[in-house]
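Okay, so here's the structure we're looking at.
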Amino acid sequence: MTTTTMTTVIWVRHQPSGGKEWIAEITGRDPKYTYKRDFLRPVGRDWSNSGRTGSTAFELEEGKLYEVREPYEGRKFVEVRNGQIITISPEEVLARIS
């Protein structure tokens, strides 16, 4: 029997002068960093020839919690619900992983 995992692709702005873009799955609590994270590998890139601007793609799975770091935007928490990327509060993340 094959199990199919629902995934949704999110594109995050790439602009190194504003810091590195990344997405991490939140897997639990960490005493030092608050959250245990598994950083995702990008699944696509659409960058300028110079590499100074563009977008980076990541695949998110339904029902998992993620932290997104986007240049000049800061950090936010998201999850995928019914194929839609929903922003959630840090308090909700802590309540769900405690």
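Quick note: the coordinates plus some simple rules give every number you see, no bench work behind them. For clarity, every value in this text was computed on a predicted model and none was experimentally measured. Counting neighbours? That spans all protein chains shown, and the Cβs are built from the backbone with ideal geometry, glycine included.
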Practice item. Would you point out which residue out of R69, R45, R29, R81 is touching a residue at least 60 places away in the same chain (Cβ under 8 Å) and surrounded by 12 or more Cβ atoms within 10 Å (Cβ to Cβ)? Key: R29
Check your understanding: Quick check, is G51 in a loop (DSSP other than H, G, I, E, B) and small (G, A, S)?
Key -> yes
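Applying the selection to the range 3-36, what residues are of a type in the set (A, V, I, L, M) and not in a loop (DSSP other than H, G, I, E, B)? First the steps, then the outcome.
First pass over the range 3-36, keeping only residues of a type in the set (A, V, I, L, M): 6, 9-10, 12, 23-24, 26.
Within the range 3-36, V9, I10, V12, I23, A24, I26 meet the criteria.
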Check your understanding: Taking the range 29-59, which residues are on the phi < 0 side of the Ramachandran plot and in contact with a Leu (Cβ under 9 Å, 6 or more places away or on another chain)?
Key -> R29, Y35, L40, F58, E59
